[in-house]
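So the structure is just underneath, and the comments pick up after that.
The values are calculated or read from the model by the stated rules, or taken from the named source; none is laboratory data. A quick note: this is a predicted structure, and the numbers were derived from the prediction, not measured. Positions of Cβ are generated from backbone atoms using ideal geometry, with glycine treated the same way; all protein chains shown enter the neighbour counts.
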């Protein structure tokens, strides 16, 4: 019996075309909640950037790929980046002139915004963050960087220098840098342990590379039809796309709702 469902946002609950959750998805979530199923967001977004879910009352939020976790309105876990790794990312962004967003617990900033990074910000319906100085931004605890480095830059400048961090991509244009040994799967485990829910009682939806471990961890892991092939290959079930109401189709397929 499924007792908790975890959802990625972009490409899963929110369409890249409309940038919003659909009314059909809201109806599905409302019915799941009526049945007593706990509903969670699991996203790479900062909590301050979650503005496209129609004010639906989720039971909790896994933010920044698990760096900060909210359950029933309270923070139950937080872990900033290793300070040396944080300074490394900020220096690479400055010295290599790479656009980079920095996320502390209560604020967001960027070193600069170019056409490519602005296009991505528009894609996820995020307003331009304030410009902040790099590497001084690393003087306070940082929970995530989103750096618009390509694969070559990632392999040449970042991966060899980051000793205690996790790197993931859910879109080709950028990568998220988070504290080491964290993932959406690890965060899901923390949440369900706090709620007395077993892994077998969990369903999870996602479409990006940062969703793979969560999809594999869940009792039922579901990939959206718009997910990359490697994500779909790791799922228990592949539903239709976000624009074809894939979330609703999947919960009906598994008999959670009619």
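When residues in segment 205-233 are screened for being in contact (Cβ under 8 Å) with a residue 60 or more places away in the chain, crowded, with 22+ Cβ neighbours inside 10 Å and either out of contact with any strand residue (DSSP E or B) (no Cβ under 6 Å at 6 or more places or on another chain) or more than 16 Å from residue 168 (Cβ to Cβ) (or both), 7 of them pass.
Restricting attention to segment 20-43, does a residue exist that is in contact with a strand residue (DSSP E or B) (Cβ under 8 Å, 6 or more places away or on another chain), in a helix (DSSP H, G or I) and either modelled with pLDDT under 95 or under 30 Å from residue 135 (Cβ atoms) (or both)? No, there is no match, as no residue in segment 20-43 is in contact with a strand residue (DSSP E or B) (Cβ under 8 Å, 6 or more places away or on another chain), in a helix (DSSP H, G or I) and either modelled with pLDDT under 95 or under 30 Å from residue 135 (Cβ atoms) (or both). Per this entry, residue 101 is not counted among residues that are crowded, with 21+ Cβ neighbours inside 10 Å, outside any strand (DSSP E or B) and within 22 Å of the chain's Cα centre (by Cα). When we screen 48, 39, 13 for residues that are under 28 Å from residue 175 (Cα atoms), touching a helix residue (DSSP H, G or I) at 6+ places or on another chain (Cβ under 8 Å) and surrounded by fewer than 23 Cβ atoms within 10 Å (Cβ to Cβ), the only hit is 39.
Taking the criterion of being in contact (Cβ under 8 Å) with a residue 60 or more places away in the chain and surrounded by fewer than 19 Cβ atoms within 10 Å (Cβ to Cβ), the only residue of segment 234-244 that qualifies is 243.
Within segment 16-36, the residues that satisfy the criterion of being surrounded by 17 or more Cβ atoms within 10 Å (Cβ to Cβ), farther than 14 Å from residue 60 by Cα and either free of Cβ contacts under 8 Å to residues at least 24 places away in the same chain or over 18 Å from the mean Cα position of the chain (by Cα) (or both) are 22, 25, 28, 32. When residue 123 is tested against (1) touching a strand residue (DSSP E or B) at 6+ places or on another chain (Cβ under 6 Å); (2) surrounded by fewer than 21 Cβ atoms within 10 Å (Cβ to Cβ), just one condition goes unmet, and that condition is (1).
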